[in-house]
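Let me begin by presenting the structure, written as structure tokens, before commenting on it.
The values are calculated or read from the model by the stated rules, or taken from the named source; none is laboratory data. As the structure is a computational prediction, the values presented were derived from the model and not from experiment. So basically every Cβ, Gly included, is an ideal-geometry build from the backbone, and we count neighbours across all protein chains shown. The protein model used for the area step is the full one, side chains on, heavy atoms only, and it has no ligands, DNA or RNA in it. Shrake-Rupley method; radii C 1.70, N 1.55, O 1.52, S 1.80 Å.
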Amino acid sequence: MPAALGPTSATCSRLPTDPEPAFVRVGRVGRPHGLDGAFVVEQASEDPSRYAIGAELLVDGEPAVVVVSRQVGGQRRAIKLDRAVERGAELAVRRDALPELPAETYYVSDLVGLDVVDERGEHVGVVRDVLPGPANDVLELDTGLLLPLVEDCVREVDVGGRRLLLNPGFTG
């Protein structure tokens, strides 16, 4: 089954005809951590190298460099950037800096905005977000419908054609 990597947000939803974004969201500036100006990265990318010392991030579109990075509370990261940033600011990387993925694996940003159709070709909705779950990720559609991102539900992902085809029985 296709796997989705990395976070995105509902506010980043795209229409199936929109061009691919130049930036991919990898987190958000969270609460302060410690006295050195570091903060917890909320909705962080699964790739810890994104937050390594010296890594470049875009904060609301402007470049910043990670100068402190530490693991806090389980798998969470706390980082400090080379400049002050506002809590809630979006952290991103350039799309062309992302590594190629194996077949049948997609970045969440690849799935957001895909047109979802059922086995009859009828429009079901547009992927608004991909939510992490304990057993599998879940597609959140603009219609409010939640669909498991598993092979039993998703028949085909056509990123180039901006379409996701469902197997029979998942649209109620």
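Restricting the search to the range 33-58, which residues are loosely packed, with under 14 Cβ neighbours inside 10 Å and touching a residue at least 24 places away in the same chain (Cβ under 8 Å)? Walk me through it before giving the result.
Initially, the range 33-58 is screened for residues loosely packed, with under 14 Cβ neighbours inside 10 Å, giving 34-36, 46, 48-49, 52-54.
Hits for the range 33-58 are GLY34, ASP36, GLU46, PRO48.
In the list ARG162, ARG128, which residue meets the criterion of being basic (Lys, Arg), touching a Leu at 6+ places or on another chain (Cβ under 7 Å), closer than 21 Å to ALA44 by Cα and touching a residue at least 12 places away in the same chain (Cβ under 8 Å)? Let's see the steps before the verdict.
Working: ARG162 fails: closer than 21 Å to ALA44 by Cα.
Of the residues listed, the single one that is basic (Lys, Arg), touching a Leu at 6+ places or on another chain (Cβ under 7 Å), closer than 21 Å to ALA44 by Cα and touching a residue at least 12 places away in the same chain (Cβ under 8 Å) is ARG128.
So, of the residues in the range 78-102 that are assigned to a strand (DSSP E or B) and open to solvent by less than 50 Å² (accessible area, probe 1.4 Å), which turns out to be farthest from ALA38 (Cα to Cα)?
Initially, the range 78-102 is screened for residues assigned to a strand (DSSP E or B), giving 78-81, 90-94.
Next, from what is left, pick out any that are open to solvent by less than 50 Å² (accessible area, probe 1.4 Å): 78-79, 81, 91-93.
Details: ALA78: 6, ILE79: 5, LEU81: 7, LEU91: 14, ALA92: 17, VAL93: 19 Å.
Applying the filter and picking the extreme gives VAL93.
Within the range 103-125, count every residue that is in a strand (DSSP E or B) and either open to solvent by less than 20 Å² (accessible area, probe 1.4 Å) or in contact (Cβ under 8 Å) with a residue 24 or more places away in the chain (or both).
So in the range 103-125, the residues in a strand (DSSP E or B) come out as 105-107, 115-117, 123-125.
With the extra rule that they be either open to solvent by less than 20 Å² (accessible area, probe 1.4 Å) or in contact (Cβ under 8 Å) with a residue 24 or more places away in the chain (or both), the set shrinks to 105-107, 115-117, 124-125.
Counting residues in the range 103-125 that are in a strand (DSSP E or B) and either open to solvent by less than 20 Å² (accessible area, probe 1.4 Å) or in contact (Cβ under 8 Å) with a residue 24 or more places away in the chain (or both) gives 8.
What number goes with the only condition from (1) under 22 Å from SER45 (Cβ atoms); (2) modelled with pLDDT under 90 that PRO168 does not pass?
Going through the list (1) under 22 Å from SER45 (Cβ atoms); (2) modelled with pLDDT under 90, PRO168 breaks only (1).
Can you tell me which of ASP152, ASP142 is on the phi < 0 side of the Ramachandran plot and either touching a residue at least 24 places away in the same chain (Cβ under 8 Å) or crowded, with 20+ Cβ neighbours inside 10 Å (or both)? Full working, then the answer.
Details: ASP152 fails: either touching a residue at least 24 places away in the same chain (Cβ under 8 Å) or crowded, with 20+ Cβ neighbours inside 10 Å (or both).
Only one candidate qualifies: ASP142.
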